[in-house]
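The values are calculated or read from the model by the stated rules, or taken from the named source; none is laboratory data. Here the structure is a predicted model, which is why all the values come from computation and not from measurement. So basically every Cβ, Gly included, is an ideal-geometry build from the backbone, and we count neighbours across all protein chains shown. Accessible surface areas use protein heavy atoms only, side chains included; no ligands, DNA or RNA. Shrake-Rupley method; radii C 1.70, N 1.55, O 1.52, S 1.80 Å.
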Amino acid sequence: MVEVTVDQLTRIEGHYRIDTQVNEEGVITEAQSMGLMLRGFERFLQHQDPRDAALLTQRICGVCPTSHSLAAAGALDQLFGVEDAVPKDALVVRNIHQGLNTIASNTTHIYVLWGTDLANPAYRDLFGNFGDTGKAVWDELLRRYAPISYRLNGVDIPVGVSYAAAIREKRRLHEAISLMGAKMPHSVLAHVGGVTYGPTLADIGQLASYYWQVMDFVENFALGVSPETWIENTRFASSPQKAVNFVVDRLQELTAASLVSNDFSHAAGWGDVPLLAAFGSELIGEEVLGLPASMKLDRTGGYSNPDTIGYLSYGVFYKPEDGDGYDPTSPPGSRVISSGYMDGNLKLHKFDHRKISESIAHSFYVDSEADRFPWEGVTEPEPEPDEIDYSRGTESRYSWIKAPNYDGMPCELGPLSRMLIMEDPLITGLAQLFRENGYPAINTYIRMLARAQEILVVASELLKWVTVDLDPSGKFAVPTDLSMAKDSEGMGLWEAPRGALGHWVATGPDSRVTLYQAVVPSTWNLAPRNTAGIPGPVEQALLGNRISAAENALGVDYTNPIGIFHTARSFDPCLACAIHTIDLTGKEEERVRVI
Amino acid sequence: MGIENSPDRFKHLDFMKMDRRTFLKAVGALGASLFLQTYRSDVVKALEFAETRIVWIHGGECTGCSESLLNGGEPDVLQAFDRLNIRLEYHELLLGQQGIYVDGEMVNTSELNSEILFEEVVKEEGYILVVEGAIANGPNGTGKYMILGGKTYKDIFRKAAENASLIVAVGQCATNGGVNSADSDIKDLMDFRGVAFTMEDGEKGMLQELGIEKPVININGCPPHPDWMLLTLGAVVLGKIKIPDDLPEVLDQWLRPKVFFPPDSVIHDNCPRRGFYDKGEFDTVVSGEKCLWKLGCKAPYTHADCAIRRWNGYHSLCPQSGSPCISCVSPGFPDSSRPFFQEIEDVGIAGTNIDTVAKVAIGASLLAVGAHAIRRVAVKEAPERKEPEEAPGKEPEEAPGKEPEEAPGKEPEEAPGKETEGAPYKKAGKDEGEDQ
Ligand code: SF4
Ligand code: SF4
């Protein structure tokens, strides 16, 4: 048995470590997910004006600040008792705000944070075995995804064209966000009762113009076909089977031409998504398309036991057709991307926010209770330096991350869960395809394609919000007064790019905060063991899978455990969010916190 | 900073021959992307200069500063680095490497292993160290609240700082502790530090804690504008600011470049809603178009060029989007700006309540001479803080011959009649604003 540690796992937000035990075949037999930092800022909002939360809580995360501010705004709407009255146009502006952030965040993740691993020299070695075609594929991977300051064998590699293009696109999306939100990261805009800014007709024109520029990127870099064609044939396909067929047919055309020409460039129609869709999967790439080799990402990152995992979405994006106001409990069907809980066998259930709890059994906190519901949460960091020891094994405490559960079950959150729960035909169809062919239905490949698919799904809604639903002469806020928040409480359920995000707030008779709490997506995904000893989602996604490229086609390479990189990064870890960091609590009964 | 800096003035200048002042004015007026565009061919000449190495480390943070950096440059930050002949040697968010250990030993090479890479790059002196995020000192000075690659971040910072020729702290967390250091029950236990300050305390920076003396530039902001970061790095790389000799002159008492954080003007001076302020027309509900003073705007005492530079594509600004400025560039942020949505006359700044006299003054001046008076009175009630002279206490070593007191001390004289605008960091009581 060999101990393989990745510390730090870079190209994520924050500081994170993974410890594994790996056997001679390269199979991971033990995995520990460790958050390496405490970031508490306690008492942040205690006795404070609750309205500050929409601006302050976004400082939790510079990658998805928008989501925090909107979850906070949701909690404040209810706290002030105005959730029924938030004007429709304010809700549309919130949708646009989040939609742009989701697209920016997913894009950054796919290209800059995750995609860079496709330029790992393991793939040079792998594809190098397959003649001119293999070499052409490797050259293409390097040409697209090499990060800044990359060197291989002492040779400086130019920055990848897709990597650089994605950075420009993210920047463009941030510009679009700031048209209404002033700046990004940490925009303004989200506010109790609505938003701070009513866009003008000119803003709408500019938003549309940004939109089409981003769609140029999607067409020319990401898809190789027009976004409209893609969406029509995937999201709006009449069956999951048809959606999968559309993609596979397209890949077949490309493959037929390129296996002859050895041209896998963007110009030859190989957008980044088709390239990944073909070469990422053994089933689709090798078995269906007849490619000589693949990265076998469909064999990695899956869960071996469906009974110890679930998939959760709180739902996101208000429905403009429902007019003013919204239901803060996010019942099924009330948001554009619906709430729901899917069990490990992919059976859908109704979401109930009262089933959320969290465990600190394996985290560096001091508390008399191992499990608590969010409203009763306590965060007392371990004060004793010697107790902060990451090497004591799975029975011990080994992370600053807590372990949230839904009905006692660890859950994967994020684009994959959302696409499954909203029954997107392409992602649903892919999961079925894998399962029927003896592959894990959920795997690193489908996780990444779901993130790409979500960009398209959100983009198609975004255009409607901007050009059809948004009325610049509408209303953008209802008046509120601090006294309306007297002795009250509120809950804001939302979806950040990385998954379900909830903020909870309560106030006393002086309208000042007595409790503030956020339960954050990466906490779920990167959780350590829970009280029952069930590993967290990333841990489960590593256990039983292999560490090396392409299922050890090259033999086991403990020194380049790219299977771990792919899988762990496919969850888009955000430690700033995950670490129960931000205990915004105060003394005694006054508590404000973020897990 | 100001209108006289119209871009035209710089068009026909060879920036290689510009003196520092003109250079700083040009970057102030043009912004990073325009500047790099305008002087594209000059920059090519600059490439003959040696490559500049940058080591960028991440502590307790949200990574928003790196996100903001990625919004800079023209057409992107990668090209900006390229033109300035900057090699980003280490940056956890952007580089290909990660830390890899097998049975406890570092494996592979620096081309794949970030831990080996880090050791290699900090071994060789003479890089610019960029620090993002606060540095954990707790519990009990061990720094164990943040352990990366088996080392405390405090140690990593020490290692990286020792061989750096300059430290640039980016963002509030690194400059002043930011949200990590905000007042709380466990603040002392966690003990997060900024590089040279912790909140407004110039004695409690991590450098002082470690006894390391290095020149420091603070790029404040939550997050900082990408121009502030890129242009500062550019000015240093191109030798327009000599390290450390020029620092006392180009930085304010908080070690912020005056060109971006002008001591003699505030955001409010150039706010697009300023006309409403002057007429005394205020919004009390968000999403309107009038002045946000009554919704808590802190721009009248915030020294930054946000209103002329604007954000993200140079088009936007917090008050423009209907949200009060929360003074995210001020050393005491966020404590010094809260509550965000209440006007200062009601609550004071940083918990300092405005006294009755001031309240009467506000009332009277509003009636008598319009809203201008508010700013003066509010500023007068600035929070108690250390004398500015204490802040650059580590400068003398770096800048022999320049008294540390000189730079901050002369600000008020430089801007007669604008004293009040510089005042939030003055001790209450030194208030020239009393003439109101
Ligand atoms: S107080 Fe704020 S909103 Fe009003 S004019 Fe000044 S900067 Fe603009
Ligand atoms: S306007 Fe104020 S809050 Fe906005 S970025 Fe500038 S200093 Fe920060």
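List of remarks:
- Residues located in segment A:135-150, provided they are at pLDDT below 95 and farther than 16 Å from A:W114 by Cβ: A:S149
- Pair list, Cβ under 9 Å, 6 or more apart: segment B:278-296 residue part of a loop (DSSP other than H, G, I, E, B), other residue more than 10 Å from ligand 1 (Cβ to nearest atom) and among the basic types (K, R): B:S287/A:K475; B:K290/B:K279
- Checked against (1) within 15 Å of ligand 2 (Cβ to nearest atom); (2) farther than 23 Å from A:A477 by Cα; (3) of a type in the set (D, E, K, R), B:D246 passes all but condition (1).
- Among the residues of segment B:135-181, the one identified as among the aromatic types (F, W, Y) and more than 10 Å from every other protein chain (Cβ to nearest Cβ) is B:F157.
- When segment A:143-163 is filtered for residues that are aliphatic (A, V, I, L, M) and more than 19 Å from A:T10 (Cβ to Cβ), the ones remaining, listed by number, are A:V155, A:V161.
- Condition broken by A:W114, with the remaining ones in (1) of a type outside the set (K, R); (2) at the interface with chain B (Cβ under 10 Å from one of its Cβ atoms); (3) assigned to a helix (DSSP H, G or I) satisfied: (2)
- Elements of type strands (runs of 3 or more DSSP E) in segment A:269-386, at least 1 residues being at pLDDT 95 or above: A:310-318, A:335-343
- Any hit, segment B:232-240, residues being away from ligand 1 (no atom under 16 Å from the Cβ), among the β-branched types (V, I, T), under 25 Å from B:I86 (Cα atoms) and modelled with pLDDT of 95 or more: no
- Members of segment B:166-191 that are polar (S, T, N, Q) and either at pLDDT 95 or above or touching a Lys or Arg at 6+ places or on another chain (Cβ under 6 Å) (or both): B:Q172, B:T175, B:N176, B:S184
- Scanning segment B:283-302 for residues that are of a type outside the set (V, I, T), within 14 Å of chain A (Cβ to nearest Cβ) and more than 12 Å from ligand 2 (Cβ to nearest atom) gives B:D283, B:S287, B:G288, B:E289, B:K290, B:C291, B:K294, B:L295.
- Residues that are open to solvent by less than 20 Å² (accessible area, probe 1.4 Å) and assigned to a helix (DSSP H, G or I), drawn from segment A:433-448: A:F434, A:T444, A:Y445, A:I446, A:R447, A:M448
- Hits in segment B:303-322 - residues which are near ligand 2 (Cβ under 8 Å from one of its atoms) and open to solvent by less than 20 Å² (accessible area, probe 1.4 Å): B:A304, B:C306, B:A307, B:W311, B:L317, B:P319
- Criterion violated by B:L230 - all others in (1) within 16 Å of ligand 2 (Cβ to nearest atom); (2) within 14 Å of another protein chain (Cβ to nearest Cβ); (3) open to solvent by less than 10 Å² (accessible area, probe 1.4 Å) satisfied: (1)
- Evaluation of B:V285 against the conditions (1) more than 9 Å from ligand 1 (Cβ to nearest atom); (2) in contact with a Lys or Arg (Cβ under 9 Å, 6 or more places away or on another chain); (3) open to solvent by 10 Å² or more (accessible area, probe 1.4 Å) shows that the sole unmet condition is (2).
- Conditions (1) small (G, A, S); (2) over 30 Å from B:N71 (Cα atoms); (3) touching a Phe, Trp or Tyr at 6+ places or on another chain (Cβ under 6 Å); number of the one not met by A:G81: (3)
- Residue tally, condition in contact with a Leu (Cβ under 6 Å, 6 or more places away or on another chain) and over 19 Å from A:F565 (Cα atoms), over segment A:428-455: 3
- Residues in segment B:65-113 that are more than 25 Å from A:S178 (Cβ to Cβ) and among the hydroxyl-bearing types (S, T, Y): B:Y90, B:Y101, B:T109, B:S110.
- All helices (runs of 4 or more DSSP H) inside segment A:125-243 with 1 or more residues being within 12 Å of chain B (Cβ to nearest Cβ): A:131-145, A:161-181, A:201-217
- Screening segment A:476-595 for strands (runs of 3 or more DSSP E) wholly inside it with 1 or more residues that are at pLDDT 85 or above returns the ranges A:489-496, A:499-507, A:513-519.
- Which listed residue, of B:R274, B:R256, is buried (at least 24 other Cβ atoms within 10 Å of the Cβ) and among the basic types (K, R): B:R256
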